[in-house]
Amino acid sequence: RALRSQHPGLGDDDLAQTLISGAAKATAAVGAAGGALSAVQFTAPPTLLTAPVQLAAETLLVAAIEVKLIAELHEVYGAAAPGTSRQRMQAYLVAWTERRGIDPFAPGLLRSSLGQAAKRALRRRLMGRAGRNLTTLGPLMSGAVAGSVVNHRETRRLGEQVRDDLRRRWRA
């Protein structure tokens, strides 16, 4: 309901596209900010020691934006995950990891913890996301440009994949 009140008059597909565009812009801004911070760090070499912390923070922030996008897309298409907030969050994390929508009627969706396979997949996805965020560590402002472009493209691709999957499942 909150999404519909914030974006009155939009159909499901238009609202989904608006959410995808907004999330892509947000992750692009995170990449640009990370790249700008890296450019400043090159002027004071001792601050380069904080690069791993910066990379981890950027990765988690981008992942959080993308998981929120996935939850919103599920709401748009009437496929919200059932259960407690923790169970819903786990379902959306799995959806983020698999780059597809969830089936709220699937058996085992409401398990109390992630299984080993899901944990490995999540770890692999986070490491891939961190690898893409390495572009922000480029010299001068090249990191800001690269980080912005890469984050924007990847978030848009993720959103479109999940949107298309949800369309297929819920419109058939």
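Overview of values
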quantity: Restricting region 6-21 to residues that are farther than 15 Å from A71 by Cβ and in contact with a helix residue (DSSP H, G or I) (Cβ under 7 Å, 6 or more places away or on another chain), the residue that is modelled with the lowest pLDDT; calculated: H7
quantity: Residues being within 16 Å of E98 (Cα to Cα) and either open to solvent by 70 Å² or more (accessible area, probe 1.4 Å) or of a type in the set (F, W, Y) (or both) - total across region 49-70; calculated: 1
quantity: Long-range neighbours under 6 Å by Cβ, at least six apart or interchain, first residue free of Cβ contacts under 8 Å to residues at least 12 places away in the same chain within region 5-34, second surrounded by 17 or more Cβ atoms within 10 Å (Cβ to Cβ); calculated: H7/L15
quantity: One residue from G83, G101 being in a loop (DSSP other than H, G, I, E, B) and more than 14 Å from the chain's Cα centre (by Cα); calculated: G83
quantity: Qualifying positions in region 130-168 - at pLDDT 75 or above, in contact with a helix residue (DSSP H, G or I) (Cβ under 6 Å, 6 or more places away or on another chain) and of a type in the set (S, T, Y); calculated: S148, T155
quantity: Considering residues of region 79-112 that are polar (S, T, N, Q) and open to solvent by 60 Å² or more (accessible area, probe 1.4 Å) only, the residue modelled with the lowest pLDDT; calculated: S112
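The values are calculated or read from the model by the stated rules, or taken from the named source; none is laboratory data. For clarity, every value in this text was computed on a predicted model and none was experimentally measured. Heads up, the Cβs are rebuilt from the backbone with ideal geometry, glycines too, and the neighbour counts pull from every protein chain shown. Calculation scope for accessible area: heavy atoms of the full protein, side chains included, ligands and nucleic acids excluded. Shrake-Rupley method; radii C 1.70, N 1.55, O 1.52, S 1.80 Å.
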